[in-house]
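The values are calculated or read from the model by the stated rules, or taken from the named source; none is laboratory data. From a predicted model like this one, the values you see are computed outputs, not experimental measurements. Ideal geometry is used to build each Cβ from the backbone, glycine not excepted, and the neighbour counts take in all protein chains shown. Surface accessibility is based on the protein's heavy atoms, side chains included, excluding ligands, DNA and RNA. Shrake-Rupley method; radii C 1.70, N 1.55, O 1.52, S 1.80 Å.
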Amino acid sequence: MSQAETRAFEADVARLLHLMVHSVYSSPDVFLRELISNAADACEKLRHTAQTDASLMGEGGLAITITPDKAAGRLTIADNGIGMSRDELIENLGTMARSGTEKFRRALEEKDGEAKEGKALIGQFGVGFYSAFMVASEVSVVSRAAGSAEAWRWTSNGSGEFTIAPVPADDAPARGTTVTLTLREDHTDYAEEATIERLVKHHSAHVPVPILIAGTGEEDATRELVDGTALWAKPKSEITAEEYNDFYRFTAGAFDEPALTIHARVEGRQEYTQLLFVPSMAPFDLFEPDRKGRIKLYVRRVFITDDAPLIAPYLRFVRGLVDSEDLPLNLSREMLQTNPMLTQMKNAITRRVLTELKKLADTDAETYAKVWDAFGPVLKEGLYEDAERRDEIFALARFKTTTHPDGGRKLADYIADLKDNQTAIYYAVGEDHARLAASPHLEGFAARGVEVLLLSDPVDAFWVRTALGFEGKPFKSVTQGSADLDQIALKDTKHVPEEAKASDIATLSALIKETLGERVSEVKTSARLATSPACLVAPDMGYDKALEKIVGRQGQGLGMKPILELNPSHPLIRELSARAATGGAADTIGDAAWLLLGAAQIMDGDAPADATEFNTRLMTAMAAFVKSPARSDHADSIAVEGGDGNGD
Ligand code: ADP
Ligand code: MG
């Protein structure tokens, strides 16, 4: 057997521990819940493994035993679960191997050096085992893996190192892990029986493993604090809201309150109990690429896995568990992916959660708004992934729109407020909400009181491309094709703006097209604009440009050039049209063509395609502007060459 060895923590662990030791975190109580949860996990893992190797279980049941030792200022949490080998002790307690802490590490990195922020993060997400160092000056973990003859002790005082040493078999538990905390002076109340009893009953009353408290005096017998019956197996009527909340926090490792709790026994082709929670706060790893659900699978009270596909990926934020009466206990990895009973359960659970979300939306809009804010971008993945339930998901969707900039707008209400002759649901898509809201493409819609959905979540670009419509109305981009706006009446019919003469503007359009050549497919007028002189739109059959940008296909378009649309009532366009009609001002119109194109590109969040042309024309225009009499204040002192629009 090898000897004691001292090792350094992985740098990130050391940093995290430093935070733990030095933070005066307001409720260090959570450390107990974390250690109990680890002990319970270890017991459930053993129960599961013993399904295939009964000898591992041995005599006696599984239990977690807590021993507060007031005289010694120590607290011990012991379990007879799966235990850890030497390598597992090093890997699990010396690195940030777990995905949860990995997220925490990244979040810490982003907030580098801000200890206060770090503390807030601890409070929000918990950091498992390491939280013991909030209250302990030394932590010792003695563990024997199930079935092993060896036992090992891991010790650390929370500074940069830990020690790992063999433990004589007689000094080690027969199986499982004993965590001993030497409490810091200001935390000795955790060695009080009464404190522990209160905390356990409060935080961990529904752990599915019995929790015992052991007295240290001779006459002090061991008492049971928690009986270990599974909460979900009890009838609903016997469970309080507080008990559900505690269980949610225990099972999801969360700190918020669930927005929605679904507890139901399902009977029929299969029998199972589901206890599911929709959190009210988004966790760190919501957008992890693996998109795995986090619902635990039990079979007849035995924990099987937290890796089974039990819900549609777009509902992966749902937490909780499913306990099946019918599945075999020895489900293999492959069976998890292919078992038809699991597939059927997944469909039923997905349907149920959507139904309950709808109910919540209808009865408690305020709570539902939180859910949508936290998880809307994930739910919207269902709009293109799950065509069958698309309408159900549309009914859950809430939008920011031009008339409801704060969000919360339902599509059904959008439809109810359609303007006369409006035949489509209009949307604008882009990465930046503020830029989107200021887009010139929206002007003509605003002038007609036509509401536009403002879609700025990356996922939006995906579903709008495949959505056929809602209640018979197609989705249509404001930057695409002819916007059909001519059919819809202006809000202010008294002050209809004066427009350039049709024939004049046709001449102007032709001149501009000639100047810009192949950079645009067409130059024409439209009703899309109100205050801007021009904008770019995609041809009717072409792809929406902003959308292509988001899905990363920019430049691969089908060679479709954009259309430059002119606003016939803009003073600048009116004036240019008039001049074009008389056949004069060719240079000015040439300059204007480049500037209008560049400005439209800038408003779309792009750079002017031909920066040199744009810049030359802009300088020419500025030169004219500093020379003009009304602005002549500084003109004398600036030497301007080649002014007066003779740019060619
Ligand atoms: P988490 O429980 O979220 O994985 P923790 O920091 O609480 O993270 O624990 C880290 C790992 O250490 C666990 O995943 C588990 O593998 C191991 N571990 C901790 N406590 C125990 C225990 N009592 N018995 C067995 N393994 C444990
Ligand atoms: Mg844990």
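Values computed for the structure shown
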item: Between helix 99-110 and the chain: long-axis angle, C-alpha atoms, 0 to 90°, nearest 10; result: 50 degrees
item: Cα-centre dipole for region 348-453 with unit charges at Cβ (Lys and Arg positive, Asp and Glu negative), debye to 20; result: 80 debye
item: Set LYS201/LYS358; LYS358/LYS491; LYS45/LYS234; LYS236/LYS370; LYS201/LYS359; LYS201/LYS296 screened for pairs whose C-alpha atoms are more than 30 Å apart; result: LYS201/LYS358; LYS358/LYS491; LYS201/LYS359
item: Estimated FRET transfer efficiency when R0 is 30 angstrom, pair ALA416-LYS501 (beta carbons, to 0.05); result: 0.15
item: Computed over region 16-90: relative contact order in percent, which uses C-alpha pairs under 8 Å that are six or more apart; result: 31 percent
item: Around LEU508: net Lys/Arg minus Asp/Glu count, Cβ-Cβ under 15 Å; result: -3
item: Heavy-atom accessible area per residue - the chain, 1.4 Å, Å²; result: 47 Å²
item: Three-way shape label, region 224-317, alpha-carbon gyration tensor, a/c 1.5; result: oblate
item: Computed over region 231-366: relative contact order in percent, which uses C-alpha pairs under 8 Å that are six or more apart; result: 21 percent
item: Degrees, to the nearest 10: 340-363 long Cα axis against longest axis of the chain; result: 60 degrees
item: Cα Rg over Rh - the chain, Kirkwood; result: 1.13
item: Global form of region 561-625, assessed from the alpha-carbon gyration tensor, a/c cut-off 1.5; result: oblate
item: Cα centroid separation - region 143-181 against region 18-90, whole Å; result: 12 Å
item: For region 419-436 versus region 207-282, the gap between their alpha-carbon centres in whole angstrom; result: 46 Å
item: Net charge over other residues, Cβ less than 11 angstrom from the Cβ of THR403 (K, R count +1; D, E count -1); result: -2
item: In Å², nearest 10: area of LYS292 left accessible to a 1.4 Å probe; result: 90 Å²
item: Crossing angle, helix 586-603 versus the chain [Cα axis fit, 0-90 degrees, rounded to tens]; result: 10 degrees
item: Sparsely packed GluC sites (Glu not before Pro) within region 483-519, loop by DSSP, other Cβ within 10 Å at most 12; result: GLU498
item: Cβ-placed point charges (K, R +1; D, E -1), dipole of the chain about Cα centre in debye, nearest 20; result: 1220 debye
item: Cα gyration tensor category, rounded, prolate or oblate, for region 152-215 with a/c compared to 1.5; result: oblate
item: Radius 13 Å from Cβ of LEU56, net charge of other residues (Lys, Arg +1; Asp, Glu -1); result: +2
item: The chain - percent relative contact order, Cα under 8 Å, separation 6 or more; result: 8 percent
item: Total charge dipole magnitude, region 1-86, about the Cα centre, Cβ charges on Lys, Arg, Asp, Glu only, Debye to nearest 20; result: 180 debye
item: Dipole of the chain, positive direction: furthest Cα of THR493, VAL299, LEU336, with charges on the beta-carbon; result: THR493
item: Label-point separation in nm, LEU468 to GLU242, each point 7 Å along Cα→Cβ; result: 5.2 nm
item: Sulfur and carbon atoms: percent of accessible area, the chain [1.4 Å]; result: 50 percent
item: Dipole of the chain [Lys/Arg +1, Asp/Glu -1 at C-beta], most positive-end residue of VAL278, TYR427, ALA308; result: TYR427
